[in-house]
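Read through the structure below, which is laid out as structure tokens, and then see the notes.
The values are calculated or read from the model by the stated rules, or taken from the named source; none is laboratory data. All values reported here derive from a predicted model rather than from experimental measurement. Glycine also receives a Cβ, built like all others from the backbone with ideal geometry; neighbour counts cover every protein chain displayed. The protein model used for the area step is the full one, side chains on, heavy atoms only, and it has no ligands, DNA or RNA in it. Shrake-Rupley method; radii C 1.70, N 1.55, O 1.52, S 1.80 Å.
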Amino acid sequence: MESNLRRTYQAPTLSEAIAAMRAELGPDAIFVEKHKIRKKSMFGIGCGELIEVVAELPRRKKKERKSESGIRPDAIAKVIRTAQAIRNSRSKKTWVSDQDLTGDIFAESEMFSPRKKSGIYKGYSQTLEEREIEPNILLNDPNSRKKNASRRASDIEDSNLKYMKEIRHELDIIKKEICEKKVDFQNRDNIKPSDTSESSISEINNNSLKIFDKINSHLLEKGISKHLADSIITSVSERTSGEELNDCSLVLARIKKEITGRLKFAPPMEPLPDRPLIVMAIGSTGVGKTTTLAKLGAIFCMDESMKIVFITLDRYRIAASEQLRTYSEIIGAPFEEANDEEELSKILDRHVDKDFVFIDTAGRSVHKHEGVSELKRIAERAVPDAEILLLVSSNTDNREMAEIIRGFSIKDRVSIVFTKTDETFRWGPIYNAAVDSKLPIAYLTTGQSVPYDIEPASPRSFITSLMEGLDIESLTRE
Ligand SMILES: Nc1nc2c(ncn2[C@@H]2O[C@H](COP(=O)(O)OP(=O)(O)O)[C@@H](O)[C@H]2O)c(=O)[nH]1
Ligand SMILES: [Mg+2]
């Protein structure tokens, strides 16, 4: 180990000797010991007493020296300072200021104040004591600096080296964690729930495609228009996903709900409290107007307290008038005939005590404007409060049915009666007409038998007919 520089200074007094020492060695010189010495004068005449001081100066100056690692201590300090600033920015704020990067590490005792130890930053969290550095080395105290002058430079260097090792260790931990996080992240991207793996998703998609394809074919076969079938299937498939697509009963239930949800149903016919409920049947020739009114009249007459009257406006054919008269006689209800709206008004005045008034009309062609206009005039003037039943035969084709409904919609309060439903297997045209017209459906007639072959329209009737032949078995069959 390299020895310190030693010097002796002699002077008549101690203070003069020390002054000489300081003048040569500067303030860092350390006073080691003093002696009294006798010194002969020139030519041996007389002698005087002198004070001799021995002083030491540490040879190793820290300023320009390099550490064992070859890095200058101030460079090390800068690295430490930067690391500290980055650490502080992580734990306290999101940015690093210039001051963080340039401040004097040794002047800032705050930097060595105890910090919380946590997680991977534990290595950076040592207190002053833990780092085994004497505080007075760091606190610029001139007295302690003198005392420890011989130790300070090497202590600082050791401390810095130790701290560099900590930083390296810390960086290793961070690097390792980043690698692990990266792997986790990649793995997370690849992880899919077991039941939605790619193969099971495509299997579900294939199955659901087959199911919806079968349903579509069925609806088209029943005569439902392509645009309605598409719309029904799109709506259900959009609301059904994942495992639900494998549940045929659920899919069928949703299809049924979607089909009936587009239909409107008229409320049941009930007597009014203060006046008769007037019901007028209109529609094409031979659709079942007379028969349907006879069925309704007969049903309401089963309740003996109910009073009804039949009125016919069909004076074009004698047989037509006689048909209703016969029914009224069988039922035991009064029967009236009117040639025009004036006669009709007078007849109505005579029957204000009735619960129901059923008005039969002559069949008209929707393509003949005159006949429909006459009907409209009667409806508006003579019976403005009447419930209009538009009778449409179920075995009419799509286009004709749409034209009939459009042509006979003479008032706001029009409900549809689909007649002769027993004569058709394909309910599609009925469904299309009902949905497209947006009119409420009142009754369905199911045969010629009076009064039995009639029923209030209901979702069940439509589903029974439209879904016939479409069940879970047919959907799962290959
Ligand atoms: N199959 C079947 N025939 C019916 C139905 N309703 C009426 N009819 C028949 O259709 C024919 C014409 O009926 P009708 O009441 O005279 O029709 P209108 O000209 O509109 O009055 C008659 O033979 C009825 O028996 C029904 O729901 N089903
Ligand atoms: Mg008739």
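With the structure loaded, tell me whether Tyr327 is in contact (Cβ under 8 Å) with a residue 12 or more places away in the chain, within 14 Å of ligand 1 (Cβ to nearest atom), over 16 Å from Ile278 (Cα atoms) and touching a Gly at 6+ places or on another chain (Cβ under 8 Å) or whether it fails that test. Yes, satisfied.
Does region 306-323 hold any residues that are farther than 9 Å from Ala362 by Cα and either of a type in the set (Phe, Trp, Tyr) or in contact (Cβ under 8 Å) with a residue 40 or more places away in the chain (or both), and which are they? The answer is Met306, Lys307, Ile308, Val309, Phe310, Ile311. Screening Asp412 against (1) of a type in the set (Asp, Glu); (2) touching a residue at least 12 places away in the same chain (Cβ under 8 Å); (3) more than 20 Å from Ala362 (Cβ to Cβ) leaves a single unmet condition, (2). For Glu238, are the conditions met, namely being modelled with pLDDT of 95 or more and either assigned to a helix (DSSP H, G or I) or crowded, with 19+ Cβ neighbours inside 10 Å (or both)? Spelling it out, it is not the case that Glu238 is modelled with pLDDT of 95 or more and either assigned to a helix (DSSP H, G or I) or crowded, with 19+ Cβ neighbours inside 10 Å (or both).
Take the residues of region 241-271 that are modelled with pLDDT of 95 or more and assigned to a loop (DSSP other than H, G, I, E, B): which is farthest from Asn216 (Cα to Cα)? Within region 241-271, the match that is farthest from Asn216 (Cα to Cα) is Ala266. Using beta carbons and a limit of 6 Å, which pairs, at least six apart or on different chains, have the first residue in region 345-360 and open to solvent by 20 Å² or more (accessible area, probe 1.4 Å) and the second one away from ligand 1 (no atom under 16 Å from the Cβ) and not β-branched (Val, Ile, Thr)? Listed pairs, sorted by first residue: Ser345/Ala382; Lys354/Pro276; Lys354/Lys307; Asp355/Pro271; Asp355/Met306; Asp355/Lys307. For region 282-298, a tally of residues being away from ligand 2 (no atom under 13 Å from the Cβ) and at pLDDT below 95 returns 0.
Taking region 251-266 as the range and being out of contact with any helix residue (DSSP H, G or I) (no Cβ under 6 Å at 6 or more places or on another chain) and either among the hydroxyl-bearing types (Ser, Thr, Tyr) or free of Cβ contacts under 8 Å to residues at least 24 places away in the same chain (or both) as the test, the residues that pass are Ala253, Lys257, Gly261.
Would you call Thr260 closer than 18 Å to Gly428 by Cα, surrounded by fewer than 21 Cβ atoms within 10 Å (Cβ to Cβ), more than 16 Å from ligand 2 (Cβ to nearest atom) and among the polar types (S, T, N, Q)? Yes.
Within region 265-312, the residues that satisfy the criterion of being open to solvent by 10 Å² or more (accessible area, probe 1.4 Å) and within 8 Å of ligand 1 (Cβ to nearest atom) are Ser284, Thr285, Gly286, Val287, Gly288, Lys289, Thr290, Thr291. Highlighted here are the strands (runs of 3 or more DSSP E) found entirely within region 301-382 that include at least 1 residues which are within 12 Å of ligand 2 (Cβ to nearest atom) and under 30 Å from Glu400 (Cβ atoms): 308-312, 356-360. Does Thr260 satisfy the condition of being β-branched (Val, Ile, Thr) and within 13 Å of ligand 1 (Cβ to nearest atom)? The answer is no for Thr260. Summed over region 361-399, residues that are within 12 Å of ligand 1 (Cβ to nearest atom) and either among the polar types (S, T, N, Q) or open to solvent by less than 20 Å² (accessible area, probe 1.4 Å) (or both) total 9.
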